[in-house]
Amino acid sequence: MISAAAPASTANLGPGFDAVGVALDLWNELAAEKAEAFGVEVTGEGADEVPRDASHLALRAFELFEPVEGYRFALHNRIPLERGLGSSAATIAVGLVAGAAAAGRRTDAQSLLEAGAPLEGHLDNLAAALRGGVCIAWNRNGGPHSTQIAQRVSFVPVAVVPEERVSTSASRAALPASVSHADAVATAGSAAMLGAALASVDADLLRDAFHDRLHEPYREETAPLLGLLRSRLPEGAAAVTLSGSGPTVIVWAEPGRVGDVVAGIAAAVPAGTQVLPLPVTDQGAHVR
């Protein structure tokens, strides 16, 4: 029996568009057991929506290292689908590590990133799911790369997850083909601050870095919680960022103020909204 897990993630953190990802303490799991007949069981989030055959995303990742025939799979999903919390990246990551273990392959995060990149268009989420902690990802010379720059963040992420979903493609369609020089300069400066603040775990600098003019302003229509919670920032919160392409937002709570922040969020958001304190995990996808 092979048992593996991979974490959720939040990407972008404002100005770190398509580059920065942070692993969160919410896990998808996969168990693979040798069996006479192939089979797939899925429980948890979106269990009735995902395939139960070899086309399942986790099994496609598994098969990059080991054929799925002759295995019976049990998958349990805790990460909400199409909410901006890296569910597809976690699904791919858990399949990669399980497949490599089944094949007896010794792999590292870079080789897994290279293998999984064709299945997952968001390197920031995949890097965080594979490495854990705070990661930066990029493409260079035709290949994907990533590094972990910190194991923790100055503030505690609280995910605010609406009932509504948004597809990444629909969210990206709202982005303009070009932005003004002023917006580009402002976001570049914030991105530099963001990287420095995350790497140094500098709370004051990070608070000032959470400002984006590249993508978040254009996604507010499909992520109404972003504007709502920024206008009613809970006491004890440092900032609010869109999680990936949304519609989930992350409220960054000061240490020791998570309870206050959760209460403030609950008083502001519509009924049915999930409010999930999700500490950063420094562990990525792994076999247990």
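Net charge in the neighbourhood of Phe38 (other residues with Cβ under 12 Å of its Cβ; Lys, Arg +1, Asp, Glu -1) is -3.
Under a Cβ-Cβ cut-off of 13 Å, what is the net charge of the residues other than Ala186 that fall near it, where Lys and Arg count +1 and Asp and Glu count -1? Spelling it out: positives minus negatives among the neighbours equals -3. Of the residues Val275, Gly189, Leu206, the one whose Cα sits farthest towards the positive end of the charge dipole of region 156-277 is Val275 (charges of +1 on Lys and Arg Cβ, -1 on Asp and Glu Cβ, taken about the Cα centre). Remark: Glu49, Glu120, Glu66 ranked as Glu49, Glu66, Glu120, counting other beta-carbon atoms within 10 Å and listing the fewest first.
Could you please report the charge total around Leu26, scoring K, R as +1 and D, E as -1 over all other residues with beta-carbon less than 14 angstrom from its beta-carbon? The answer is -1. A Cβ-based charge dipole, computed about the Cα centre of the chain with Lys and Arg at +1 and Asp and Glu at -1, lands at about 320 debye.
Suppose every Lys and Arg Cβ carries +1 and every Asp and Glu Cβ carries -1, with no other charges. What dipole size does region 156-277 come out with about its Cα centre, to the nearest 20 debye?
On the way: 8 positive and 13 negative charges, 41 e Å.
With Lys and Arg at +1 and Asp and Glu at -1, about 200 debye.
Positive end of the dipole of the chain (Cβ unit charges, origin at the Cα centre): among Thr147, Ser180, Pro224, the Cα lying farthest that way belongs to Thr147. Remark on Ala150: its backbone amide H falls under 5 Å from those of Val134, a criterion applied only to residues 5 or more positions apart or on other chains, H modelled at 1.01 Å from N. Charged side chains reduced to their Cβ positions (Lys and Arg at +1, Asp and Glu at -1) give region 49-143 a dipole of some 220 debye around its Cα centre.
Only the coordinates and a few stated rules stand behind these numbers; no lab work does. The structure presented is a predicted model; accordingly, all values stated were derived computationally and were not measured. All Cβ positions, even for glycine, are placed from backbone atoms using ideal geometry, and neighbour counts span all protein chains on display.
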